[in-house]
Amino acid sequence: MAEPNEVLGTFFGDDKFPVQWANEEDKQYHWYYDDLHCPNPISPMYASLPWWGTSCEYMYRRFGAPFGKLWLGMVVNGYVYTTVTPRDPDEAAKLGPYYGLVMGTYAREFLGWWNKRYLPEIKRNFEYLDTFPHDTASLSELMILLEEGVDIHERHLRLHWILNLAQFQASMDFGAVVGEVFGQVDPALLGRIQISIEDRNWDSINELWKLKEQVKADPVLNALFMSKDTAKEFLPALQASARGKAFLAEVDAYLKEYGVRAMYCHEFINKQWIEDSGPALETIKGYLVTDYYYPSVYQHARDDQAKAVEELRALLPATVTAEQKAKFENALDLMLRMMPLTPDHHFYLDQGTNGRMRLMFLGIGRHLTRLGAFDDPEDVFYLSYDQLRYYAANPKSAANPDGFDGKAIVKANRRARDAAWKARPVDWVGTVTQWSLYGEPYKTLWGYPERFLRAADKALEPEDVVKGLAAAAGIAEGIARLVLGPEEFDQVKKGEIMVCRMTNPAWVVVFTKIAAVVCDAGGVLAHPAIVSREFGIPAVVGTTNATLRIKTGDRIRVNGSIGVVEVLERA
């Protein structure tokens, strides 16, 4: 049996991807590229207020989780790499019983806590942030808002982890009971069951579809939408029409409810739907052109899940006892009730909280731009949290030459982030151990250990074959569409196969059009895998190189049952 500390691989940097190590200890950890959350060069502001770090230290402390102690992060050539550090074996052995004592209760009771305590708290915090008078507040008031926002952000990250581990336990318990009662079960069958069919993502799609139905039924609106290709082109015509203005008011109401979302939400720098109605309008037009019909898609998801549950029940062994059957049904019921927390926590905690942090920072940025401290409100994201505080209180100027030179730092950080786009991040740096690859459970979200084990074979793959993880069963052939930014959503045509780095719930509108999805990042429990199963389309994730190998216009075949993508014809 392998020892936890057995070294399976090392990479400390090379000429193509140099790594500046803070100390020798950091080299001993397995740092993996966080393409699940932060696939693009990170902004200084988000890097200083990240999802990793203190909130994760809280998670491991609160739960007494024996499978880690800290979750650290570092920025390498502009990209985020994170690592989970192991607990001392003696400490892990002592904490294991405590973790076992409390986790079943978290799984059983969390839904009640969420609905009665946590979600109302989150909504109160949102109301405070949403109604703050950014444009009339003083600088000192805005800086106090900054501290309130940072506190809310940290609190919501803590709630995220409470939810995350409670749901994780419910899913683990379900898997354990299935193994106990049924033995080996096809993972694809379980994947069809472990989806959410009642959550804020579905609500968002339904409400957008209702707006599309209004346009379809109204000849005036229909003509306005079809008069030009893009929202930027047909929006003036909508604004000039009485009927168009009324409809835009309904779109604004939709965005107030569902528009606090960005393509990559684990960042503050990305523009959101609520700031620009263009993506929503173009999605409505996409629904119109394809005549997307939400009720049938939704009903298909419900029916397939129900069918899969019955298929699983049909596999119950003849020797199953009444006690075992009841245990299975209870675990199934709890898991199904917990599944909506995946998209809902993303809606409220990942998208909703980070999105409001962006809006708060923009309010501060506008104020500092009016004062001449910034050239653009977006400059605020090119300072760290502490640098913003230094600069707001003591800006360098002709009258104050010894003040903090925020403008120079903003310019340097903008140049550095622009340069980082040219780098191609490697999958991991540091030291891979038996424990880091097989003992640390969160690696499954990134597609490890399969991703690590396949790395040596990547160079040997035929040019027209891309291999990844089988995330959603089925086979689809079609034209590839490379999607790297929100400005490209409107280019996706019905029946195309989306090839991207990663998705999150803000991408769900694109899933209504595509025939399959291929992702560089992710594991079988990551967002594109789950949503593909909900929509009943094949998915291959964790390829690491699909966006390099496949181009828009290529005809490809996606086999989501075995995790293979073939390029049948080059564009």
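Could you check, for the range 323-334, whether at least one of its residues is under 23 Å from Val260 (Cβ atoms) and in a helix (DSSP H, G or I)?
Initial filter on the range 323-334 (under 23 Å from Val260 (Cβ atoms)): none.
No, there is no match, as no residue in the range 323-334 is under 23 Å from Val260 (Cβ atoms) and in a helix (DSSP H, G or I).
Quick one: how many residues across the range 34-62 are in a loop (DSSP other than H, G, I, E, B) and either surrounded by 19 or more Cβ atoms within 10 Å (Cβ to Cβ) or touching an Asp or Glu at 6+ places or on another chain (Cβ under 9 Å) (or both)?
Going residue by residue through the range 34-62, those that are in a loop (DSSP other than H, G, I, E, B) are 34-43, 49-53.
Right, trim to either surrounded by 19 or more Cβ atoms within 10 Å (Cβ to Cβ) or touching an Asp or Glu at 6+ places or on another chain (Cβ under 9 Å) (or both) and you get 34-43, 49-52.
Of the residues in that region, 14 qualify.
Condition check: modelled with pLDDT of 95 or more, surrounded by 16 or more Cβ atoms within 10 Å (Cβ to Cβ), not in a loop (DSSP other than H, G, I, E, B) and not acidic (Asp, Glu). Does Phe268 satisfy that?
On the way: modelled with pLDDT of 95 or more: yes; surrounded by 16 or more Cβ atoms within 10 Å (Cβ to Cβ): yes; not in a loop (DSSP other than H, G, I, E, B): no; not acidic (Asp, Glu): yes.
Criteria not met by Phe268.
Residue-wise test of (1) modelled with pLDDT under 95; (2) among the polar types (S, T, N, Q).
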position	(1), (2)
Asn23	no, yes
Asp26	no, no
Trp31	no, no
Leu36	yes, no
Asn40	yes, yes
Ser43	no, yes
Leu49	no, no
Ala65	yes, no
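Determine which member of the set Trp31, Trp52, Trp21 is without any contact (Cβ under 8 Å) to a residue 24 or more places away in the chain, under 17 Å from Thr82 (Cβ atoms), of a type in the set (A, V, I, L, M, F, W, C) and in the same structural domain as Thr444 (by TED's automatic domain parsing). Step through it out loud before you land on a result.
On the way: Trp31 fails: without any contact (Cβ under 8 Å) to a residue 24 or more places away in the chain; Trp52 fails: without any contact (Cβ under 8 Å) to a residue 24 or more places away in the chain.
Result: Trp21 is the single residue among Trp31, Trp52, Trp21 that is without any contact (Cβ under 8 Å) to a residue 24 or more places away in the chain, under 17 Å from Thr82 (Cβ atoms), of a type in the set (A, V, I, L, M, F, W, C) and in the same structural domain as Thr444 (by TED's automatic domain parsing).
What's the total number of residues in the range 411-446 that are part of a loop (DSSP other than H, G, I, E, B) and either surrounded by fewer than 19 Cβ atoms within 10 Å (Cβ to Cβ) or among the charged types (D, E, K, R) (or both)?
Going through the range 411-446, the residues part of a loop (DSSP other than H, G, I, E, B) turn out to be 421-427, 440.
Then drop every residue that is not either surrounded by fewer than 19 Cβ atoms within 10 Å (Cβ to Cβ) or among the charged types (D, E, K, R) (or both), which leaves 421-424, 427, 440.
Matching residues across the range 411-446 total 6.
Find all pairs meeting these conditions: Cβ atoms under 8 angstrom apart; at least six residues apart or on different chains; first residue within the range 544-563 and surrounded by fewer than 21 Cβ atoms within 10 Å (Cβ to Cβ); second residue assigned to a helix (DSSP H, G or I) and not charged (D, E, K, R).
Ser561/Ala188
Please go through the range 3-21 and pick out each residue that is loosely packed, with under 11 Cβ neighbours inside 10 Å and closer than 30 Å to Ala93 by Cβ. Spell out how you get there, then give the answer.
Initial filter on the range 3-21 (loosely packed, with under 11 Cβ neighbours inside 10 Å): 3, 14-16, 20.
The answer is Glu3, and nothing else.
Residues being hydrophobic (A, V, I, L, M, F, W, C) and in contact with a Gly (Cβ under 9 Å, 6 or more places away or on another chain): count how many of those fall in the range 269-289. I'd like the intermediate steps shown before the answer.
Just the residues of the range 269-289 that are hydrophobic (A, V, I, L, M, F, W, C), to begin with: 269, 273-274, 280-281, 284, 288-289.
Next cut, in contact with a Gly (Cβ under 9 Å, 6 or more places away or on another chain) only: 273-274, 280.
Going through the range 269-289 one residue at a time, the tally reaches 3.
For the range 133-155, name all the residues that are in a helix (DSSP H, G or I) and either of a type in the set (Asp, Glu) or more than 20 Å from Asp350 (Cβ to Cβ) (or both).
Step one: of the range 133-155, the residues in a helix (DSSP H, G or I) are 139-155.
Leu139, Ser140, Glu141, Leu142, Met143, Ile144, Leu145, Leu146, Glu147, Glu148, Asp151, Glu154, listed by residue number.
Every residue in the range 68-117 that is assigned to a loop (DSSP other than H, G, I, E, B) and of a type in the set (Asp, Glu), please.
The initial filter retains those residues of the range 68-117 that are assigned to a loop (DSSP other than H, G, I, E, B), namely 68-69, 77-78, 86-88.
Residue satisfying the conditions is Asp88 alone.
Scan the range 153-163 and tell me whether some residue there is over 29 Å from Tyr58 (Cα atoms), out of contact with any strand residue (DSSP E or B) (no Cβ under 8 Å at 6 or more places or on another chain) and in contact (Cβ under 8 Å) with a residue 12 or more places away in the chain.
Restricting attention to the range 153-163, the residues satisfying the condition of being over 29 Å from Tyr58 (Cα atoms) are none.
Checking the range 153-163: not a single residue is over 29 Å from Tyr58 (Cα atoms), out of contact with any strand residue (DSSP E or B) (no Cβ under 8 Å at 6 or more places or on another chain) and in contact (Cβ under 8 Å) with a residue 12 or more places away in the chain.
Surrounded by fewer than 16 Cβ atoms within 10 Å (Cβ to Cβ), in contact (Cβ under 8 Å) with a residue 12 or more places away in the chain and either out of contact with any Phe, Trp or Tyr (no Cβ under 6 Å at 6 or more places or on another chain) or of a type in the set (A, V, I, L, M, F, W, C) (or both): is that true of Val260 in this structure?
Working: surrounded by fewer than 16 Cβ atoms within 10 Å (Cβ to Cβ): no; in contact (Cβ under 8 Å) with a residue 12 or more places away in the chain: yes; either out of contact with any Phe, Trp or Tyr (no Cβ under 6 Å at 6 or more places or on another chain) or of a type in the set (A, V, I, L, M, F, W, C) (or both): yes.
No.
Could you go through the range 452-462 and let me know if any residue there is surrounded by fewer than 23 Cβ atoms within 10 Å (Cβ to Cβ), in contact (Cβ under 8 Å) with a residue 24 or more places away in the chain and under 23 Å from the mean Cα position of the chain (by Cα).
Yes, there is a match, as at least one residue in the range 452-462 is surrounded by fewer than 23 Cβ atoms within 10 Å (Cβ to Cβ), in contact (Cβ under 8 Å) with a residue 24 or more places away in the chain and under 23 Å from the mean Cα position of the chain (by Cα).
Right, Leu157: touching a His at 6+ places or on another chain (Cβ under 8 Å), under 30 Å from Gly53 (Cα atoms) and of a type in the set (A, V, I, L, M, F, W, C) or not? Please lay out each step first, then the result.
Numbers: touching a His at 6+ places or on another chain (Cβ under 8 Å): no; under 30 Å from Gly53 (Cα atoms): yes; of a type in the set (A, V, I, L, M, F, W, C): yes.
It is false that Leu157 is touching a His at 6+ places or on another chain (Cβ under 8 Å), under 30 Å from Gly53 (Cα atoms) and of a type in the set (A, V, I, L, M, F, W, C).
Please go through (1) assigned to a loop (DSSP other than H, G, I, E, B); (2) in contact with an Asp or Glu (Cβ under 6 Å, 6 or more places away or on another chain); (3) at pLDDT 85 or above for Thr547 and return the number of the only condition it doesn't satisfy.
Only one criterion is unmet by Thr547, namely (1).
Just the residues that are within 14 Å of the chain's Cα centre (by Cα) and either of a type in the set (Gly, Ala, Ser) or outside any strand (DSSP E or B) (or both), please, taken from the range 506-523. Can you show your working first?
Let us first name the residues in the range 506-523 that are within 14 Å of the chain's Cα centre (by Cα), namely 506-508, 519-523.
Matches in the range 506-523: Ala506, Trp507, Val508, Asp520, Ala521, Gly522, Gly523.
The values are calculated or read from the model by the stated rules, or taken from the named source; none is laboratory data. Just so it is clear, the model here is predicted, and its values are computed rather than measured. Glycine gets a Cβ as well: all are built from the backbone with ideal geometry, and neighbour counts include every protein chain shown.
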